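First comes the structure, then the notes that go with it.
The values are calculated or read from the model by the stated rules, or taken from the named source; none is laboratory data. Remember, it's a predicted structure, so these values are computed and weren't measured experimentally. Virtual Cβ from ideal backbone geometry, glycine too; neighbours counted across all protein chains shown.
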Amino acid sequence: MKTDTLRQRGFMNQRPAETRYSGMTYRRCGRSGLLLPAISLGVWHNFGGMDRAENARAMMCRAFDLGITHFDLANNYGPPRGSAEETFGRILRGNLAGYRDELVISTKAGWRMWPGPYGDWGSRKYLIASLDQSLHRMGLDYVDIYYHHRPDPETPLEETLTALDHVVRQGKALYVGISSYSPEQTRQAAKIMRALGTPCLIHQPLYNLLNRRIEEGLLATLAEEGIGCISFCPLAQGVLTDKYLKGIPPESRASNPNGVLKPEHITENILSRIRKLNVLAHARNQTLAQMALAWVLRHPGMTSALIGVSRMEQIEENVAALQHLNFEPAELEAIDSALRE
Ligand SMILES: NC(=O)c1ccc[n+]([C@@H]2O[C@H](COP(=O)([O-])OP(=O)(O)OC[C@H]3O[C@@H](n4cnc5c(N)ncnc54)[C@H](OP(=O)(O)O)[C@@H]3O)[C@@H](O)[C@H]2O)c1
């Protein structure tokens, strides 16, 4: 897009805040040289071609102003697929022009992206073509992290991981990661990547107060292998906030027909746990969203909590969670008990 058009559309009016590094905490990603902000921003929702571009721009800029240097994308984010990378590319060429070296940009491939047998899963054919498409959509020469988005039960792991190693050697990615791999798959991947000379930087699993599966082995595996961890959906897509306590608000994700969160997922069983957690959060002088993020970040091996947002104020509230991260043992016990009941 031409500079004039970007300016007319409001993409070039603001510059990043000088104070952007004063409030954020940065954590080392596994045994690597890379630091990530304790809170990172993902663009799965609200940055697609059907969303308000001006809101997307405002949220991205506010995030960077608050020290969020890591933005997480994927080939298929939208809708339509690919459009979140296009939106991000426009913001990068607008407000964030000149700041590329202050940003860690990730993208992924692994879910259905284009028709036919070469636009899904984990073949070398798919992963290499998809990264070229992502770079084109974002207007970048390289991404900082390229992920395999989900394990592929049919493709040999060696093929998938050799493709990741290849894009690093091509200079199209600086680091590579995996998402939603089991502990055993992660151990195998770590071994293969070490032998290739491109260590696995990071794992991106689902983790939040309502889904604790990674505590059963993955966190220990990542610590042993020196791999960082960035948890996706730390707010369970917004369920771990107070917004659904009085029904489904019209502008929420559960009311959006394009989302995967449906009103029927917010059951009375979940709501009864949310109500208890909400009381515990207030006792800490936090909102439930803030306590949920602090809880995810309580693990020493948790590099970052990867949030989504639909409006600027949510970023501000979520980043403020970093002001109170510690938990008393009694608080953790009360949380465990609220989740068990
Ligand atoms: N690797 C994978 O397979 C995978 C899968 C899923 C996601 N991800 C990544 O993880 C990122 C985050 O996922 P997510 O968006 O589901 O994360 P999330 O942080 O669990 O949920 C984000 C949603 O919660 C609501 N919210 C956020 N802050 C709030 C606050 N302070 N108060 C009230 N509501 C708040 C907003 O929804 P409303 O619209 O209701 O306001 C927001 O869109 C994605 O963008 C993507 O980068 C990766």
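A few remarks follow.
- Total residues in the range 127-178, condition within 16 Å of the ligand (Cβ to nearest atom) and among the hydroxyl-bearing types (Ser, Thr, Tyr): 6
- A count restricted to the range 206-233 and to residues that are touching a strand residue (DSSP E or B) at 6+ places or on another chain (Cβ under 6 Å) and at negative phi stands at 9.
Rundown of residues vs (1) near the ligand (Cβ under 10 Å from one of its atoms); (2) over 17 Å from the mean Cα position of the chain (by Cα), yes/no style:
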site	(1), (2)
Gln286	no, yes
Ser304	no, no
Ser310	yes, no
Leu325	no, yes
Glu328	no, yes
Glu333	no, yes
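- Flag for Gly259 being out of contact with any Asp or Glu (no Cβ under 7 Å at 6 or more places or on another chain), modelled with pLDDT under 95 and either within 30 Å of Asp51 (Cβ to Cβ) or not aliphatic (A, V, I, L, M) (or both): yes
- Residue list for the range 215-231, restricted to those being hydrophobic (A, V, I, L, M, F, W, C) and more than 10 Å from the ligand (Cβ to nearest atom): Leu218, Leu219, Ala220, Leu222, Ala223, Ile227, Cys229
- Residue check, Ala236 at negative phi, crowded, with 17+ Cβ neighbours inside 10 Å and among the hydrophobic types (A, V, I, L, M, F, W, C): no
- Subset of the range 9-27 that is out of contact with any strand residue (DSSP E or B) (no Cβ under 9 Å at 6 or more places or on another chain) and of a type in the set (A, V, I, L, M) - its residue that is modelled with the lowest pLDDT: Met12
- For the range 201-217, a tally of residues being buried (at least 23 other Cβ atoms within 10 Å of the Cβ) and either more than 17 Å from the chain's Cα centre (by Cα) or polar (S, T, N, Q) (or both) returns 1.
- One residue from Arg212, Arg275 being farther than 21 Å from Ala38 by Cα, more than 12 Å from the ligand (Cβ to nearest atom) and among the basic types (Lys, Arg): Arg275
- Residue within the range 93-104 that is surrounded by fewer than 24 Cβ atoms within 10 Å (Cβ to Cβ) and within 18 Å of Phe232 (Cβ to Cβ) present: yes
- Some residue of the range 30-45 being under 20 Å from Leu293 (Cβ atoms), within 16 Å of the ligand (Cβ to nearest atom), over 13 Å from the mean Cα position of the chain (by Cα) and surrounded by 16 or more Cβ atoms within 10 Å (Cβ to Cβ): no
- Positions within the range 246-272 being within 11 Å of the ligand (Cβ to nearest atom), farther than 26 Å from Gln204 by Cα and exposed (fewer than 12 other Cβ atoms within 10 Å of the Cβ), in sequence order: Pro250, Glu251
- Where a residue in the range 106-128 is under 15 Å from Tyr147 (Cβ atoms) and its partner, wherever it lies, is part of a strand (DSSP E or B) and of a type in the set (Asp, Glu), with Cβ under 6 Å and at least six apart: Ser106/Asp72
- Set Ala97, Ala109: member being within 20 Å of the chain's Cα centre (by Cα) and at pLDDT 95 or above: Ala109
- Test: residue in the range 194-201 that is in a strand (DSSP E or B) and either within 13 Å of the ligand (Cβ to nearest atom) or under 17 Å from Tyr147 (Cα atoms) (or both): yes
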